[in-house]
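Rule-based calculations on the coordinates, nothing more; no lab input. This one's a predicted model, so the numbers in the text were calculated from it and none came from an experiment. With ideal geometry, Cβ positions are generated from the backbone for all residues, glycine too; neighbour counts draw on all protein chains shown.
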Amino acid sequence: MVDPMQSSESARSKDLSAATLAVWAGEGESLVAGATQVPIVYSAAYGYPDVESWLEVALGRKPGHIYSRNTNPTVHAFEEKVRILEGAEAATSFATGMAAISNTLFALLAPGDRVVSVKDTYGGTNQLFIDFLPRLNMQVELCDTTDHEQIEAAIAKGCRLVYLESPTNPTLKVMDIARLSTAAHQVGAVVVTDNTFATPINQNPLALGSDLVLHSATKFLGGHADVLGGVLCGDPKLVEQVFHYREITGATLDPMPAYLLIRSMKTLALRIRRQNDSALRIAHWLAAQPAVSIVNYPGLETHVHHDIAARQMRGFGGVLSFGLEGGFEAVKRVLPRLGLAHRAANLGAVETIAGPPATTSHVECTAEEREAMGIPEGLIRYSVGIEDADDLIADLARAFEVA
Ligand SMILES: Cc1ncc(COP(=O)(O)O)c(C=O)c1O
């Protein structure tokens, strides 16, 4: 087996900024014949002239590839780019973000294990916690996301894995990654953090103490709403365990999406900084609107965990959510009037995207389950694109005329 997780680029990457790394990192090994861009390598398997050299690669003694379910040069370049941006020693990738999450949980947990997480993780993740893991006799304790003492107490009872997501989808709650990682390590638990909303431009969970960081690459890393993918980075032993699970169970990232992700990530820093700035402006504007009952955005000083966000994030991200005084009926009136937003179950794209949790992040849940997670039906998740913020504010103002 090849070792897809090591790179000669690590040493020099320490001196470069994230914006530069997003453009250059991870590609060197995969470039061929003087091409300046990573090729899309569509080969199911890789051939060798003799059994000895084949065996050297198969046993991981020499770099190379054997079979694309396991590793592939295009996919490897994508993994390397994210690995370097997250400051990780190892990375592996998946067909989707949910594959990254489920493969990580199923690879690292065994029947009888206990997991501590929070009530309002992404809806698909929540389904794993409330349905799929219990089927395998794993216990999951889901705590109140804003109550760090409750989470610490749940961790102190002993657990194998602590699963964090920050900021959360769609209520933009913030979890203190350093504090909860310390609590987890005291009981020998592994910490996994979903960094999809923040991206490595705004936050590096590994530097805060998390053992693993994962992304739905479908969102900001891809950035153009045209590709699905997932990626996991962190501790090499743990990543190797998950890589092995994925290479056998088969939720492999395809080379074409990997290529699109590499291409999109070259503009990651540009996009994220623009989206950070616009989201903050829009959040302030929304907070002053009479039609708006609540604005969830960690960049607002009024946010319950603004201080934690300011400490652990370099920017507050491109997603916010807001409630309308008129509840779900107002949401149904306002959403169709937005001219500069796709009404779709996605986020993190160059176009603005808006939708209620009932049809987006928490479509898998019943209204009662959403209520129990503290997700009001009258909420709109608003993923800010790279359009001009003034145009987006004018668009919202027009739509609010019927709120
Ligand atoms: C925070 C978060 N994690 C994971 C996922 C799942 O990713 P994917 O749709 O790529 O499977 C999503 C999807 O919306 C998400 O928002």
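How charged is the neighbourhood of residue 309? Take every other residue with its Cβ under 14 Å from the Cβ of residue 309, and add Lys/Arg as +1 and Asp/Glu as -1.
Here the count lands on 0.
Of 173/332; 14/81; 119/157, which sit over 21 Å apart, Cα to Cα?
Violating the 21 Å limit, Cα to Cα: 173/332.
Can you pull the Kirkwood radius for the chain, inverse mean 1/r over Cα pairs, to one decimal in Å?
Result for the chain, one decimal place: 21.6 Å.
How large is the translational diffusion coefficient of the range 334-403 in µm² per second when you combine the Kirkwood radius over alpha carbon pairs with Stokes-Einstein at 4 °C and 1.567 mPa s?
D, rounded to a whole number, is 102 µm²/s.
How big is the shadow of the Cα convex hull of the range 126-267, averaged over all directions, in nm²? Spell out each step's value before the answer.
Values: hull surface 36.9 nm².
In nm², the orientation-averaged hull projection of the range 126-267 is 9.2.
Considering only DSSP beta bridges whose two residues both sit in the chain, what percent are antiparallel, to the nearest 5? Provide the component values of the computation, followed by the final result.
On the way: 23 of 40 bridges.
Antiparallel: roughly 60 percent of the beta bridges in the chain.
Can you tally the net charge around residue 399? Count Lys and Arg as +1, Asp and Glu as -1, for every other residue whose Cβ sits under 10 Å from the Cβ of residue 399.
Value of the local net charge: +1.
Around residue 355, with a cut-off of 10 angstrom between Cβ atoms, what is the net charge of the other residues, counting Lys and Arg +1 and Asp and Glu -1?
My count for the surroundings of residue 355 gives +2.
Compute the Rg to Rh ratio over the range 246-331 from the alpha carbon atoms, using the Kirkwood formula for Rh, and round to two decimal places.
1.15
Helix 268-287 versus the longest principal axis of the chain: what angle, 0 to 90°, nearest 10, using Cα atoms?
Computed tilt is about 20 degrees.
If we sort 81-94, 28-41 on the protection proxy, mean other Cβ atoms within 10 Å, highest first, what's the order?
Descending packing order for the listed peptides: 81-94, 28-41.
Across all directions of projection, what mean area in square nanometres is found for the Cα convex hull of the range 39-180?
One quarter of the hull surface, i.e. the mean projection, equals 11.2 nm².
Sort 365-375, 296-306, 95-105 by packing, meaning the average of other beta carbons within 10 Å per residue, with the highest value first.
Highest to lowest by the protection proxy: 95-105, 296-306, 365-375.
Using 0.36 nm times the number of residues separating residue 45 and residue 147, minus their current alpha carbon distance, what extension gain do you get?
Details: separation 102, 0.36 × 102 = 36.72 nm, distance 4.97 nm.
Working it through step by step, the gained length comes to 31.7 nm.
Highest mean first, how do 195-202, 111-118, 225-232 rank when packing is the count of other Cβ atoms within 10 Å averaged over residues? Can you show the working numbers first?
Numbers: 195-202: 27.8, 111-118: 20.5, 225-232: 22.5.
By packing density, highest mean first, the sequence is 195-202, 225-232, 111-118.
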